[in-house]
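What follows is one structure encoded as structure tokens, with my remarks underneath.
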Amino acid sequence: MGEWTLVSLGDVSESVAYGFTASATSANTGVKFLRTTDLSDGAVSWASVPYCAIDQSDLARQKLRPGDIVISRMGSVGLSAIVHPDQDAVAASYLVRFRLDAKRAHAPYVAYVLKSHAWWEFVDSRRTGSVQPNLNAQLMKSFVLPLPPLSDQRAIA
């Protein structure tokens, strides 16, 4: 086993982005529109995910990739899921997308950490708003997690 370090979620992310603002539709536009309500136990229930209208330039910027982690920033604050499989999909505006640096962090390991007691304590201590709880991307990025070497992350996940 190698050296473990403490890092912030932002430190191991190559990019962080808020979701796309659009309306969900049941009409098959070819692009799924992932919402907080589609997240369940760390995964996405793709069968129930609606669609949205989005132009190609926005899709190129917003498209979710396998291994991306989405975290709810409003309502069910802190709820997260890892994206699988590859398909045309974007996150809705109440989600924050974390694209991890694969040279530093194994997405399934980080997704596992985001189910931990430490994550939920962090969320509970930092969310704001009494009527509609929320937690912004800057605060999410500051979450500190233990980071073992990649081989250990893979074994743990």
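Estimated from the Cβ-Cβ distance and a Förster radius of 30 angstrom, the FRET efficiency linking D152 and R61 is about 0.35. Against the chain, whose longest principal axis is taken from its Cα atoms, helix 117-126 shows a tilt of about 70°.
The slack between S15 and A47, meaning 0.36 nm per residue of separation minus the straight C-alpha distance, is 8.8 nm.
Seen from a random direction on average, the alpha-carbon convex hull of segment 54-157 projects onto 7.3 square nanometres.
Expressed in Å, the radius of gyration and Dmax of the Cα atoms of segment 1-103 are 14.1, 50. Distant-in-sequence amide contacts of A89, defined by a placed amide H-H separation under 5 Å and a gap of 5 or more residues or a different chain, comprise K32, L64. In summary, the aspartates and glutamates within cross-link reach of K63, defined as a Cα separation below 20 angstrom excluding same-chain residues under 8 places away, comprise E14, D38, D55, D86, D88, D101. In this structure, the amide hydrogen of T29, modeled 1.01 Å from its nitrogen in the peptide plane, lies closer than 5 angstrom to those of C52, counting only residues at least 5 positions away or on a different chain.
Surface composition of the chain: carbon plus sulfur atoms hold 52% of the accessible area, using a 1.4 angstrom probe and ignoring ligands, DNA and RNA. Distances between placed amide hydrogens fall under 5 Å for L100 paired with E14, I69, all partners being 5 or more residues away or on another chain. Only alpha carbons enter this Debye calculation for segment 64-114, each as an equal point scatterer, and the log10 of I(q)/I(0) it gives at q = 0.20 Å⁻¹ is -0.66.
In Å², and per residue, what accessible area does segment 73-157 have when probed at 1.4 Å with the other protein chains present? Accessible surface, normalised per residue, equals 48 Å².
Compactness ratio for segment 103-156: Cα radius of gyration over 2.2 N^0.38 Å (N = residue count) comes to 1.31.
The values are calculated or read from the model by the stated rules, or taken from the named source; none is laboratory data. What you are looking at is a predicted structure, and each value in this text was computed from that prediction instead of being measured. A quick note on method: Cβ atoms are made from the backbone with ideal geometry, for glycine too, and the neighbour counts reach across all protein chains shown. Note: areas computed on protein heavy atoms with side chains; ligands, DNA, RNA excluded. Shrake-Rupley method; radii C 1.70, N 1.55, O 1.52, S 1.80 Å.
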